[in-house]
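Okay, so here's the structure we're looking at.
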Amino acid sequence: MTRAVDPADRERPEEAPIEFGRSSTDLLQLRLREPKSSKFYARLLDEVQRDPDAYRHAPIIIDLADLADAPPFNLAEVVRRLRQIQLVPVAAVGGTVEQQAAALSAGLAQIDRPERVAPVAAPATANAPSGPSKLVTTPLRSGRQVYARGGDLIVCSQVGAGSELLADGHIHVYGTLRGRALAGVQGDTGARIFCRSLDPELISIAGYWMVRDQIDEELIGQAVQIHLQDETLLIERLP
């Protein structure tokens, strides 16, 4: 027996498998002022222990607005410590371009985007940083962050997991790169990353990034250079 089809059913569109919407949920906001202070984590833990049920698994926005002139600090370590005490950092707001790049590498969303250098109709290397290079001769261990403002960063040793390299220009690592390396953090798309042995947690050039799982296993442990082409990170073996 054939069932008559209701015209309304015939015209009803297929239900979409997903739908984005705006949430009115108010998130907790943690304003950082002195993340390198020796009392920072103790004060944070004290605050959470006052009402653990209110903070447990609570989503947190990290506010970087007060740190525009602050010395470099390891934002990934802040995120790790927050998760240790059962907070859930989800995004960063405010801060400088390099701080937002660090937030992105730490797995945080960007609620607002800091202004970048306006693009110019010239080769990518034309607006490359021309400041002095920064030289590091000792191994970088977990939790260490080094930033070469206005120039290249040269590391003549090993870069351990959990450490972070940032440079406005190129990054050169004459050892194993196991941490995070972010070159061209002020928007220089001509910046490159060079290393003797590749095994990073994250690599980034001018905000374009790639995590360890996205890298071909045949390139791990190899001497390589990394550069940006058509908004894609390319990894090439060095001779």
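Miscellaneous remarks
- Dipole in debye (nearest 20) - the stretch 28-110, about Cα centre, beta carbon charges: Lys, Arg +1; Asp, Glu -1: 220 debye
- Cα-based shape type of the stretch 126-237, given that a ≥ b ≥ c are square roots of the gyration tensor eigenvalues and the cut on a/c is 1.5: oblate
- Ranking of K39, K134 by count of other Cβ atoms within 10 Å, fewest first: K39, K134
- Couplings for the stretch 201-213, taken from phi via the Karplus curve 6.51 cos²θ - 1.76 cosθ + 1.60 with θ = phi - 60°, read 7, 7, 10, 8, 9, 6, x, 8, 9, 8, 9, 4, 5 Hz in order; Gly and Pro are left as x.
- Computed from the Cβ-Cβ distance with R0 of 45 Å, the FRET efficiency linking D51 to I18 stands at 0.80.
- Likely footprinting exposure, F194, F40, fewest C-beta neighbours within 10 Å first: F40, F194
- Around the Cα centre of the stretch 126-237, unit charges on the Cβ atoms of Lys, Arg, Asp and Glu (plus for the first two, minus for the last two) sum to a dipole of about 560 debye.
Readers should treat all values here as calculations from the given coordinates under stated rules, not as data from a laboratory. For clarity, every value in this text was computed on a predicted model and none was experimentally measured. Because the Cβ atoms are built from the backbone with ideal geometry, glycine has one as well, and the counts that use them run over all protein chains shown.
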